[in-house]
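Here is the structure we will look at, set down as structure tokens.
The values are calculated or read from the model by the stated rules, or taken from the named source; none is laboratory data. Note that the structure is predicted; figures quoted are calculated from it, not measured. Every residue, glycine among them, receives a Cβ derived from its backbone with ideal geometry; neighbour counts consider all protein chains shown. Only protein heavy atoms, including side chains, enter the accessible area calculation; ligands, DNA and RNA are left aside. Shrake-Rupley method; radii C 1.70, N 1.55, O 1.52, S 1.80 Å.
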Amino acid sequence: MKKILILLVLLAGCTTIQYEEHTEAGSKYVFGNGLTLLLKQNPDTGMTAIDLLVKKSIATDGEKHGLGSFTNRMILAGTTKRTRDQITKEIEEAGGTIEAKTFVEYSEIIIEIPSDSISTALEILQDVILNPTFDTEEIERERKLILGEIEAKKDQPNSVIEEVFMTTFYQGHPYQHPPAGYKETIEKITHEDLVKYYKQWYAPNNIVIAVAGNIREKSTVNAIHSLFRNMQSTRIREQTTFLPQRSKKTVQTKQMNIESFYINQGYQLIPATHEDFPALKLSSNILGAGSGSRLFYELRDKRALAYTAYAITPSVRSTGFMKITMMSRGDVKDQALGGITEQVELLRNEKVSEEELAMVKQKLKGFYFLDHQKTKDQANYLALYEIQGLGYEHDINYPKLIDEVTSAEVQYVANKYFVNPAIAIAGPFEERELVSVS
């Protein structure tokens, strides 16, 4: 403990801050090398979360699908100072966890740790980001793990339907590929590929670090600056690729020897920064968020057409979607699909009552606040909103934007965006029932 305290004191001396601001959502600092730091203090917890996001999409993989995810996993596979096992052991002995994840539009290294061990977490974060070795034996070890996970997903209906849906919806777009890649692409990725990708994208001006928890702001800012000040910024050339406007319904089916049918039906949306997005979030929740939503009540409880039915609207920087997910029996599959269309058309043709609108708003905000109970989720929201272009202060503005949505706006966005769906279905099809993207 004494060493940790001494480290923070020593680091509190000097820092170069290019930009600084303080809002109700937290504080933002941009250092001279372009690294963005977001802080949110919470003295009521004993934990601190440090969430580092690298702003890049899977489009940066090129034809080497899975390269970005492979590279991010190798960040925790050993450094010039620590082995893979030592990284995990030091964090766990301090009472924390460390993970590496990759999503469609960013990669993430997240540490959650007791607040009195924050210096340990920061020093290890610096080590894994600045000093990865990409050891050849560790590369092969990681490759084997990735290939095993890809193979295992072939028998998981939720993973299969997700891949079929993304292929159907994003046909011809980089996002049609899974972040983890494919067996044939992972097998071909080389040591040189990994090192080159790391050097290109893990630059300070392409990184956002969010820290949430029981922290001392000044010493945390100075510590992070000191630890990362030697990182050199680079030119980032990623181009956001948008999907052409969908002009017709597309359907793709996948044969699986399972008992139920898994259905994904999605509609093309705009980036999270668009002014229509809050109304789309609310529309999605009206259709399918929880047991009181229209899809759940009408198709599951009332008509027994589905085991599950819900809708999600992910926030993205480019072309997004509202996706309805359902699991149904084979004998009512067609009625279930028709039921989805009925509920979407109802939202397009009839205004939502003020009573229902108020109820869904309250529920949506309630879910949002529940999502902020964990320290690492608080950090993630700040970082995610920042890299999406919404700005970290969106974390407190979001509930206000939801409150402002009117019934007329819900009907407007439903008519504008909920057209020409992409439909993916996986289940025990007969040969004659199988359909390809058309």
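With the structure loaded, tell me whether Glu275 is within 29 Å of Thr36 (Cα to Cα), in a loop (DSSP other than H, G, I, E, B) and touching a strand residue (DSSP E or B) at 6+ places or on another chain (Cβ under 8 Å) or whether it fails that test. Don't jump to the end; show me each part of the working.
On the way: within 29 Å of Thr36 (Cα to Cα): yes; in a loop (DSSP other than H, G, I, E, B): yes; touching a strand residue (DSSP E or B) at 6+ places or on another chain (Cβ under 8 Å): no.
The answer is no for Glu275.
Only one of these is surrounded by fewer than 20 Cβ atoms within 10 Å (Cβ to Cβ), closer than 21 Å to Pro278 by Cα and free of Cβ contacts under 8 Å to residues at least 40 places away in the same chain: Leu401, Leu357, Leu370. Name it.
Result: Leu370 is the single residue among Leu401, Leu357, Leu370 that is surrounded by fewer than 20 Cβ atoms within 10 Å (Cβ to Cβ), closer than 21 Å to Pro278 by Cα and free of Cβ contacts under 8 Å to residues at least 40 places away in the same chain.
Assuming Gln232 fulfils every condition listed in (1) part of a helix (DSSP H, G or I); (2) touching a residue at least 24 places away in the same chain (Cβ under 8 Å) apart from one, which condition is it?
Result: Gln232 passes all but (1).
Just for region 310-355: of the residues that are among the charged types (D, E, K, R) and in contact with a Ser or Thr (Cβ under 8 Å, 6 or more places away or on another chain), which one is farthest from Asp403 (Cα to Cα)?
Arg329
Examine region 301-315 for a residue that is more than 18 Å from Lys416 (Cβ to Cβ), open to solvent by 50 Å² or more (accessible area, probe 1.4 Å), assigned to a helix (DSSP H, G or I) and among the aromatic types (Phe, Trp, Tyr), and state whether such a residue exists.
no
What single numbered condition from (1) in contact with a helix residue (DSSP H, G or I) (Cβ under 8 Å, 6 or more places away or on another chain); (2) in contact (Cβ under 8 Å) with a residue 12 or more places away in the chain; (3) within 21 Å of Ile340 (Cβ to Cβ); (4) open to solvent by 20 Å² or more (accessible area, probe 1.4 Å) fails to hold for Ser291?
The failed condition is (2).
Would you point out the residue of region 28-67, among those that are within 17 Å of Leu384 (Cβ to Cβ) and of a type in the set (Gly, Ala, Ser), that is surrounded by the most Cβ atoms within 10 Å (Cβ to Cβ)?
This residue is Ala49.
So if I check each of Glu137, Glu142, Glu123, which one is within 30 Å of Met231 (Cα to Cα) and open to solvent by less than 20 Å² (accessible area, probe 1.4 Å)?
Of the residues listed, the single one that is within 30 Å of Met231 (Cα to Cα) and open to solvent by less than 20 Å² (accessible area, probe 1.4 Å) is Glu142.
Just the residues that are outside any helix (DSSP H, G or I) and farther than 16 Å from Ile324 by Cα, please, taken from region 398-429.
Val405, Thr406, Gly427, Pro428, Phe429
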